[in-house]
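The block underneath contains the structure these notes are about, expressed in structure tokens.
The values are calculated or read from the model by the stated rules, or taken from the named source; none is laboratory data. In this text the structure is predicted, and so the values were computed from the model without any measurement. Cβ: placed from backbone, ideal geometry, glycine included. Neighbour counts: every protein chain shown.
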Amino acid sequence: METQGHSIKPLRSLTLDLPPSCIEFCPGHPDYFVIGTYNLQKQNEADAGIATENDEEQQTRKAIQTRDGSLVLFRLTETRDIKHVQTLPYPSAILDLHFHPCRERPAVMAVVSSTGGLSFFKLSASKEPLASLEEIVTHRPLGGDEGILFLSCAWHPYIPELLAITTSDYHVHILKVDDSWDVHETRNEPVITHSLEAWTVAFSSLIPKRPELDVADSSEKDSQLFTIYSGGDDSKLFATNCSYHPNRTSGEGDLIETPYPPVAFRGHEAGVTAILPLDFQLASLDSVVITGSYDDHIRVYAVDEQNAFPQKLRLLAEQNLEGGVWRLKLIRLERTTGIPSGAEKRVDGIETESQRWTALVLASCMHAGSRILEITGSMVVESCEVRVLGRFEEHKSMNYGSDFQPGSELEGRKLQLMLLIYGFTRTEVDTMYKYIVYASVYSFQLLDCPFLNICPGGYIPRKSRSRTIGCCKSFQNRDFRVEFSG
């Protein structure tokens, strides 16, 4: 495939002791980021001769013992140096971690592991330079079976106590985390079941409550509706609408109900490994969901979430990114208005302005490295375009995680976008493996905008003849130029 996008070069790099699996900046302390690692320990020869094929218990015990990991805390300095702060050994492999999205809990992160463990850690950075990760508590929310791996986790963006996890035994669960960080199951069975490993999970925004669901019972009238998506090694994207009843007691039924069975959407040629719902609706009231797959493609779908169960999945765009799309992270989401064209000119016989949306997305593409994507679509006409703006390929093996520093997506009056991208790689040098984290800066700057003081932020694509909401209409035909550097 022809090379696309601006090449991004590293500014810094450092070598880790163990292979990394996940990374995230702390939203409450954006100079700090945490890397989760895993280690597949070699089975020693003495143990190798003990078990037989029929010794299932022994095989299971050994399989559990072969994984461990760590949490590694770093600080990004003002000079863009990467400073190691702390390493916390962990008794099992770290497979995913995410900081809480709520403003009241921005320094607490959830960590899931290879032995079915769910841990909460807090980043204390008030006594710099003595910042540290402190363990709050560790749970086994699904019981004591250490042979089940927790593969991923996701916080609900608007309901702070809900956390979803996916497992190696094909299930998706939604847990309730109370103010004391105790964990409670919300239903007696998984909310979604795949036929192979459930790799990823994501919550949509809240769905406006339909009048027929409002009842006099106080425990029901406060219920909240949302859609949950999951992807698995079975190449399926599942979706189901959920009703959350936060005021129910243990004897009143499940805290989360799914009125209808989950819907399985096909269209991926390999496992679904990343899901990114966008927080807006098209003119048709459909939601937009972006997926990544082992088949090297990113896909953009319109999904009807407003009915009793998700339906009418429509493919808006797809793009081959040259590597399995393992993770997707939203950098920015904007809506713009400009002069309509083609099918956008008239809707229901009425002349209308062009309503468009643009998402800037960071993709981790395994052996292909990282990609910065610009996805642009119409609010009225269900179509969109995926364009690769930047690509980071300074690696020899797998890129399993990337992130950007919170706040770096907007830098000052010149609207300069700074992305600090950390790609994980593994290279074989003289039979020794090295695990490297790269730091890069990718920037592109809006030039010649006459309203830098009143633009609410964001960038304007090179070929766009639109205006960012807040700019004067007299300049809506102006072709703003974008300068790339990195």
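Every residue in the range 186-207 that is buried (at least 16 other Cβ atoms within 10 Å of the Cβ) and acidic (Asp, Glu), please. Selection gives Glu197 alone.
For the range 230-249, which positions are surrounded by fewer than 22 Cβ atoms within 10 Å (Cβ to Cβ) and either part of a loop (DSSP other than H, G, I, E, B) or touching a Pro at 6+ places or on another chain (Cβ under 6 Å) (or both)?
Asp233, Asp234, Ser235, Thr240, His245, Pro246, Asn247, Arg248, Thr249
Of the strands (runs of 3 or more DSSP E) contained entirely in the range 75-167, those carrying at least 2 residues that are of a type outside the set (Ser, Thr, Tyr) and within 21 Å of the chain's Cα centre (by Cα) fall at 94-99, 108-113, 118-124, 150-155, 162-167.
Quick grid of which residues meet (1) surrounded by fewer than 17 Cβ atoms within 10 Å (Cβ to Cβ); (2) under 15 Å from Ala107 (Cα atoms); (3) in contact with a helix residue (DSSP H, G or I) (Cβ under 9 Å, 6 or more places away or on another chain):
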residue	(1), (2), (3)
Phe121	no, yes, no
Ala131	no, yes, no
Val137	yes, yes, no
Arg140	yes, no, no
Gly144	yes, no, no
Phe150	no, no, no
Leu162	no, no, no
Ile165	no, no, no
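Tell me, yes or no, whether the range 275-293 has at least one residue that is farther than 26 Å from Thr337 by Cα and surrounded by fewer than 22 Cβ atoms within 10 Å (Cβ to Cβ). No, every residue in the range 275-293 fails to be farther than 26 Å from Thr337 by Cα and surrounded by fewer than 22 Cβ atoms within 10 Å (Cβ to Cβ).
Being of a type in the set (A, V, I, L, M) and not in a loop (DSSP other than H, G, I, E, B): is that true of Leu316 here?
Numbers: of a type in the set (A, V, I, L, M): yes; not in a loop (DSSP other than H, G, I, E, B): yes.
Criteria met by Leu316.
When we screen Val183, Val172 for residues that are under 27 Å from Phe25 (Cβ atoms), surrounded by 17 or more Cβ atoms within 10 Å (Cβ to Cβ), under 18 Å from the mean Cα position of the chain (by Cα) and not small (Gly, Ala, Ser), the only hit is Val172. The residues of the range 301-334 that are crowded, with 16+ Cβ neighbours inside 10 Å and small (Gly, Ala, Ser), listed by number, are Ala302, Ala317, Gly323, Gly324.
On inspection, Tyr260 passes the criterion of being more than 19 Å from Ala198 (Cα to Cα), out of contact with any helix residue (DSSP H, G or I) (no Cβ under 8 Å at 6 or more places or on another chain) and surrounded by fewer than 19 Cβ atoms within 10 Å (Cβ to Cβ).
Here's the yes/no breakdown for (1) over 15 Å from Ile94 (Cα atoms); (2) touching a residue at least 12 places away in the same chain (Cβ under 8 Å); (3) not aromatic (Phe, Trp, Tyr):
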{"site": "Cys153", "(1), (2), (3)": "no, yes, yes"}
{"site": "Tyr158", "(1), (2), (3)": "yes, yes, no"}
{"site": "Asp169", "(1), (2), (3)": "yes, yes, yes"}
{"site": "Val191", "(1), (2), (3)": "yes, yes, yes"}
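Within the bounds of the range 270-289, is there any residue that is part of a loop (DSSP other than H, G, I, E, B), among the small types (Gly, Ala, Ser) and closer than 17 Å to Lys236 by Cβ? The answer is yes, given that some residue of the range 270-289 is part of a loop (DSSP other than H, G, I, E, B), among the small types (Gly, Ala, Ser) and closer than 17 Å to Lys236 by Cβ. Residues satisfying the criterion are present in the range 348-360 (criterion: touching a Pro at 6+ places or on another chain (Cβ under 7 Å), at pLDDT below 75 and in a strand (DSSP E or B)).
Applying a threshold of 7 Å to beta carbon distances and a minimum spacing of six or more residues, or different chains, the list of pairs starting in the range 269-283 at a residue that is over 12 Å from Asp296 (Cβ atoms) and among the acidic types (Asp, Glu) and ending at one that is modelled with pLDDT under 95 and surrounded by fewer than 24 Cβ atoms within 10 Å (Cβ to Cβ) reads Asp279/Ser205; Asp279/Leu333.
Checking the conditions here, which among Leu76, Leu11, Leu71 is at pLDDT 95 or above and aliphatic (A, V, I, L, M)?
Leu71
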